[in-house]
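The values are calculated or read from the model by the stated rules, or taken from the named source; none is laboratory data. Since this is a predicted model, take the numbers as computed values, not measurements. Heads up, the Cβs are rebuilt from the backbone with ideal geometry, glycines too, and the neighbour counts pull from every protein chain shown. Remember, those area values only see protein heavy atoms, side chains included, never the ligands or the DNA or RNA. Shrake-Rupley method; radii C 1.70, N 1.55, O 1.52, S 1.80 Å.
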Amino acid sequence: MEHKVLLSANEAVAQAAYHAGCTVAAAYPGTPSTEVMENIAKLKDAIRCEWSVNEKVAAEVAIGASLAGARTLVAMKHVGLNVAMDPIMTFTFVGAVGGMVVIVADDPGMHSSQNEQDSRVLAKFARVPVFEPSDSQEAYDMTHAAFDLSEQFEVPVFIRLTTRTSHASTLVNIDPDAPRKEVVSKGYTKDIIRNVAVPAYARPMRARVEKRTEALRNFAANSEFNRVEKGDNHLGFVTAGISYQYVKEVFPEFSVLKLGLSNPLPVETIRNFAATVDRLVVVEELDPLLEEQIRAAGIAVVDVKTPLRMMELNPMRITALRQELLGDATPPPVQSTLDGLPNRPPVLCAGCSHRGVFYILAKLKATVAGDIGCYTLGAFAPLSAMDTTICMGASIGSALGMEKAGMDGRIAAVIGDSTFLHSGITGLLNVAYNRGTITTVILDNSITAMTGHQKNPGSGTTITGAETVTIDIAAICRAVGIKRVCEVDAYNLAELERVLKEELDAPEASVVIAKGPCVIATKANVGATPYVVDPNKCTACGLCFKLGCPAILRGEAVGKRFKSAIDPAACIGCDQCRQVCKFNAISPRS
Amino acid sequence: MNISLVGVGGQGILLTSEILSRTAALAGMDVKKSEIHGMAQRGGSVISQVRFGARVFSPIIINGMSDILVAFEKTEALRWRPLLKAGGKALVNNQEILPITVSSGQQPAVENPDSKLGEFFGDSLSTINAAALSSEAGNPRTANMVIAGALSTLTPFTADLWHEAMAGRIPAKLLDVNLKAFEAGRAAISAP
Ligand SMILES: Cc1ncc(C[n+]2csc(CCOP(=O)(O)OP(=O)(O)O)c2C)c(N)n1
Ligand code: SF4
Ligand code: SF4
């Protein structure tokens, strides 16, 4: 029976993939997209799913599945799409056989991302259709439609989610017990001219892509997802995705053309709509992609002055737009917050295995080219032991660049295990090949922690829990040509210091693998014996505070300094502070 | 109605907001719930917003638009006051979790937070001691359901409907202790 359930758009996509007969799904985790695959994995008996090692591989797995005739889905966050673009850019030439849906979740406002970018721009660049759901119901319906569209036009289809759809739950009318659509795989047909993109075959593909784009534009013009909601015609809004909700909230009385299938842009639909309203306003989150195309088609658009071009939109910003357009908007009075409130930044967990490495690297005064993961928190005080962060995998190449630029001193690249396997291996190969001497430190906690502890090739199990090979990171490093490779217990600070110093000062490239499981993933934090500080021995020297462990608190004041104290509820007994203390003041609680 | 729930990772905010949303859905209302929790595990702030009514558009509640601010932690109540509309209700859990910036001495703690709360929220403030009430009810890990119980008295939904939403979400073997905590929170707020 149909009924309404509360689902996030990520959950709705997973449900729809199941109901639409998807049989192969691949993804690499990334906020806010991660739960798409986590929910598909619950349907593992029906959908073969995997955490791929990176987004490019995930896209390639989906491409192969599509060519083999299966319905397939691939999911990633916005920056993951950058990684996946190479195969996608040519697969749009070759074209899908089984329906292929690409879920890409943008993060306007950068709640959990290193940059802000609008994936719709890349979809237009790749000449693929884009659905922009504004809630979970649409995410569900559009996923169904995307599979159909993909097969009808032989094209991969994008669904662009954003944080406020991916991580918002709204009511969806579904029948959870509805039978799965029986989609018969189209099977594999060997067709070299169709499937081998070499210049001679790619040229006709290129022409087909243009024809297909115009056919898709016509399709979009007649799509039920592109609809006019008639209202007062003094203003008419063209909007898409979550922006639609804000427009309806703030301008409920005016006409709206809601674009659910926004690429290729159905320009004539917009022209017709524009003719019915006095002033046309375009509201979209991030880049002015629709607006520029509409203007280019010679359709007059209000030149909005309210800044709406970057960061997340919200009803407040759209209220400012209303004030500009109509002068009748009164934002609600807002009460102040308390001045000087202490911040609450995220920190490495108490007992995190990454902490000691940063403590030692800071002590050794190394310049650290960093990377992306929980360990990026090593950049913040009091550790302050990371100099750069760019994108996943960038640490190794940029550390080599620093060396080649003639920078003085010790240079290290610091990278997590999942990140190393995602895109660090090629960088390391490049270091070996091009005779670098930098030290790469791999923080191996055997899990992809940052995004919620997903399995990776170093974990020993797959997304479904099935046992699999456990990749030997040290062997990979040796295989790409690094001679100096060693493994160190991440909790043994003296050993870490000795090894890091030796390797940083060595005249050739080296890798130090600091091993220590993530204490949250292994639940080492539950029921651990906490440590205590003996106030009679503590001299208030402050050294243990430099670890930045959230379980180490300020105790009794001694002049301007403080003795330390340990929060027994937070401490997991990792032993790092005991090793740091020069006065034997810290020990396990007896 | 717009309700913002704020606090620190690990306090059970997301479960509370999910049960609130399910209750609204059971009541036949449109409902949207939106949350930002990326850094929850590592001690960062967590915020979840729930809106319900005949028809809801934006999933986000903007400053000055929350009918109720539910703070699971005192500093977060002070931090997020701008969300609360003039005359809106603040329900604050009587717990303070010092952020790392304070425990490590980079920033001073809020001086006398209780009097600040009184100053900030005046008559619209209700406080609840969820830790004590949940322990009394049998399990200190149900503090979030004590807060849900207190919150329930400020919503248009019956206790039965809340119970139904909880039963639909909480595993059967934990349901009883959670219901007890919920009732303890309800009673604590109803008693003057
Ligand atoms: C291209 C790309 N894909 C995904 C992400 C999201 N992301 C950020 S860090 C991370 C994984 C980190 O795992 P690991 O390197 O093992 O470090 P840990 O968090 O375990 O310390 C992911 C998937 C991203 N930032 N960029
Ligand atoms: S989740 Fe794991 S890896 Fe991340 S900070 Fe906590 S202990 Fe460290
Ligand atoms: S042993 Fe020390 S460093 Fe480790 S978790 Fe406990 S207080 Fe923190």
*Which is away from ligand 2 (no atom under 16 Å from the Cβ), away from every other protein chain (no Cβ under 14 Å) and open to solvent by less than 30 Å² (accessible area, probe 1.4 Å), of A:Ala540, A:Ala494, A:Ala506, A:Ala514?*
A:Ala506
*With the condition kept exactly as written, say whether any residue in the stretch A:547-557 is more than 23 Å from B:Gln106 (Cβ to Cβ) and within 16 Å of ligand 3 (Cβ to nearest atom).*
no
*Hey, does the stretch B:39-62 have a residue that's without any contact (Cβ under 8 Å) to a residue 24 or more places away in the chain, surrounded by fewer than 24 Cβ atoms within 10 Å (Cβ to Cβ) and outside any loop (DSSP other than H, G, I, E, B)?*
no
*Under the condition of being small (Gly, Ala, Ser) and open to solvent by 10 Å² or more (accessible area, probe 1.4 Å), which residue from the stretch A:255-277 is nearest to the chain's Cα centre (by Cα)?*
A:Ala274
*Could you check A:Cys574 against (1) within 14 Å of another protein chain (Cβ to nearest Cβ); (2) modelled with pLDDT of 95 or more; (3) within 11 Å of ligand 3 (Cβ to nearest atom); (4) assigned to a loop (DSSP other than H, G, I, E, B) and say which number it fails?*
(1)
_Out of everything in the stretch A:562-571 that is of a type in the set (A, V, I, L, M) and either assigned by TED's automatic domain parsing to the domain that holds A:Ala490 or in a strand (DSSP E or B) (or both), what residue ends up being surrounded by the most Cβ atoms within 10 Å (Cβ to Cβ)?_
A:Ile566
*Could you identify the single residue in A:Gly460, A:Gly527 that is at positive phi and within 16 Å of ligand 3 (Cβ to nearest atom)?*
A:Gly527
*Could you list, in sequence order, all residues of the stretch A:577-590 that are open to solvent by less than 90 Å² (accessible area, probe 1.4 Å) and either modelled with pLDDT under 95 or within 16 Å of ligand 2 (Cβ to nearest atom) (or both)?*
A:Cys577
*Quick check: is even one residue across the stretch A:423-435 more than 13 Å from chain B (Cβ to nearest Cβ), crowded, with 19+ Cβ neighbours inside 10 Å and within 16 Å of ligand 2 (Cβ to nearest atom)?*
no
_Could you list, ordered by first residue, the pairs with Cβ atoms under 6 Å in which the first is in the stretch A:192-217 and more than 15 Å from A:Val128 (Cβ to Cβ) and in the same structural domain as A:Gly95 (by TED's automatic domain parsing) and the second is assigned to a helix (DSSP H, G or I) and among the aromatic types (Phe, Trp, Tyr), at least 6 apart or interchain?_
A:Ile193/A:Tyr201; A:Ala197/A:Phe93; A:Ala202/A:Phe93
*Does A:Val121 count as more than 16 Å from ligand 3 (Cβ to nearest atom) and surrounded by fewer than 24 Cβ atoms within 10 Å (Cβ to Cβ)?*
yes
*Just for the stretch A:335-346: of the residues that are within 30 Å of A:Gln576 (Cβ to Cβ) and open to solvent by 30 Å² or more (accessible area, probe 1.4 Å), which one is nearest to ligand 1 (Cβ to nearest atom)?*
A:Pro346
*Across the stretch B:97-123, what is the total count of residues that are more than 8 Å from chain A (Cβ to nearest Cβ) and surrounded by fewer than 16 Cβ atoms within 10 Å (Cβ to Cβ)?*
8
_For the stretch A:186-223: of the residues being in a loop (DSSP other than H, G, I, E, B) and of a type in the set (A, V, I, L, M, F, W, C), which is surrounded by the most Cβ atoms within 10 Å (Cβ to Cβ)?_
A:Ala197
*Kindly indicate the residue of the stretch A:45-76 that is polar (S, T, N, Q) and assigned to a loop (DSSP other than H, G, I, E, B) and also farthest from A:Thr464 (Cα to Cα) among those meeting that condition.*
A:Asn54
*Could you give me the residue pairs with C-beta distances under 7 Å whose first residue belongs to the stretch A:320-338 and is more than 11 Å from every other protein chain (Cβ to nearest Cβ), whose second residue is open to solvent by 70 Å² or more (accessible area, probe 1.4 Å) and of a type in the set (S, T, N, Q) wherever it lies, and which are 6+ apart or on separate chains?*
A:Ala329/A:Gln323
